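Read the structure below first, then the notes.
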Amino acid sequence: MDFLEPLIYRINNIITVIPSDLNEILNTTNNTGIFINAGVIFAFFFFISRWFRAFYVKLGFFLFGSWVLWLVSARSHILYSFDFYGGLGMISPHLDVPELVYLIVREKIEAIYYKLESLVLALLSPFRWILVKLSSLFEYLKSKREERVKENYDNFNDSNSFNDDNYYDDFKTRQEEEYRKEQERNDRRYKKQQQKKQEKTKQKKQQHYKKSEETKKEQAEDKKQESNEESIKSRWDSNSAYEILGVEVNATKEEIKKAYRRLAKIYHPDLALTNKEEVEKIFKKINWAHGILK
């Protein structure tokens, strides 16, 4: 947007400078000289530029006057600049120049467009001719084919005259044969569907049997583990020294000593890695039972 900055600057400058210049001119007492000089310069350039009738000369005056006004619009005093009135004088008779330029440019563009259109149509005309010929050829071939089919049909009707009863019997046998084939296809399809259903039910039964066997094994293992836990709990919760050491009532001192050493190696608190509190309780029970039976 850098190209708009000079235009915006000049518009702001015109808005601020022209009112201040008007105030200065109106407040001064000797302002007649300014008006006379401005009117003379404006009239001089107005009549000179108006005297020429050629379009390009008028366009030159209009462009030159616009360039002068462009330069003046950036000054600090605009109404005191006599070239401002000269630029106005050159532009004023030729305000119709932009409209004429627009019309000429539009006419040139339309002429170029029509020339390009005619050129494109001229280039495409062979292809259009080929397309028309191909379409007519296709229509001709289609009509010939229809005539050939019609002729074959007429020949067939002429050469194959038959009895209505024989035709009805043939038609009935063909219909029965087609019905039998369709019935066989349906039977085969039904058998395949039934086989698939049986295979699916068989697979489901096998899966159910496997799951039931697995659940039975899991239940047996759970019962076994519960019985072991109950036996372990009942052993260490018992008040019988023989049951705690796992020996018979009539066991000898050597058997009691062996059982004690074996249990002491297993349940010694220094050797336990987990559940040290339970191991200490069991070890105390073992020592208590050994102390009674030794």
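So here's what we get for this one:
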{"item": "Set Lys223/Lys285; Lys202/Lys223; Lys257/Lys284 screened for pairs whose C-alpha atoms are more than 20 Å apart", "result": "Lys223/Lys285; Lys202/Lys223"}
{"item": "Choice from Gly65, Gly87, Gly246 with maximal GNM fluctuation in the chain (Cα, 10 Å cutoff)", "result": "Gly246"}
{"item": "Spin-label model distance (nm) - Glu147 vs Lys265, 7 Å beyond Cα toward Cβ", "result": "11.7 nm"}
{"item": "Under Karplus coefficients 6.51, -1.76 and 1.60, residue-wise ³J(HN,Hα) of segment 171-186 in Hz, glycine/proline x", "result": "5, 5, 5, 4, 5, 5, 4, 5, 5, 5, 5, 5, 5, 5, 4, 5"}
{"item": "Accessible area of the chain belonging to carbon and sulfur atoms, whole % at 1.4 Å probe", "result": "58 percent"}
{"item": "Qualifying lysines (Cα of each under 27 Å from Cα of Lys58; at least 8 residues distant if same chain)", "result": "Lys108"}
{"item": "Normalised contact order of the chain, rounded percent, pairs of Cα under 8 Å and 6 or more residues apart", "result": "12 percent"}
{"item": "Pair Ala43, Thr252: separation of 7 Å Cα→Cβ label points (nm)", "result": "16.1 nm"}
{"item": "Candidates Leu71, Leu124, Leu137: whichever shows maximal mean-square fluctuation once the chain is modelled as a Gaussian network with Cα springs under 10 Å", "result": "Leu71"}
{"item": "Spacing of the two label points (7 Å from each Cα toward its C-beta) at Arg188 and Lys108, in nm", "result": "8.2 nm"}
{"item": "Surface per residue (accessible, 1.4 Å probe) for the chain, Å²", "result": "84 Å²"}
{"item": "In sequence order, calculated HN-Hα J values of segment 4-21 (Karplus, 6.51, -1.76, 1.60; Hz; x Gly/Pro)", "result": "8, 4, x, 5, 5, 4, 5, 5, 4, 5, 4, 5, 8, 7, 4, x, 5, 5"}
{"item": "Which labelled figure in (1) 53; (2) 75; (3) 14 is percent of Cα pairs over 33 Å apart, once derived from the coordinates", "result": "(2)"}
{"item": "Cβ-derived FRET efficiency at R0 30 Å, Asp154 paired with Glu177, nearest 0.05", "result": "0.50"}
{"item": "Spatially proximal lysines relative to Lys142 (Cα-Cα < 26 Å; intrachain offsets below 8 disregarded)", "result": "Lys133, Lys150"}
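The values are calculated or read from the model by the stated rules, or taken from the named source; none is laboratory data. Keep in mind that what you see is a predicted model, and the values were worked out from it rather than measured. When we count neighbours, we look across all protein chains shown, and the Cβ atoms used for this are built from the backbone with ideal geometry, even at glycine. We work out accessible area using only protein heavy atoms, side chains counted, and drop any ligands, DNA or RNA first. Shrake-Rupley method; radii C 1.70, N 1.55, O 1.52, S 1.80 Å.
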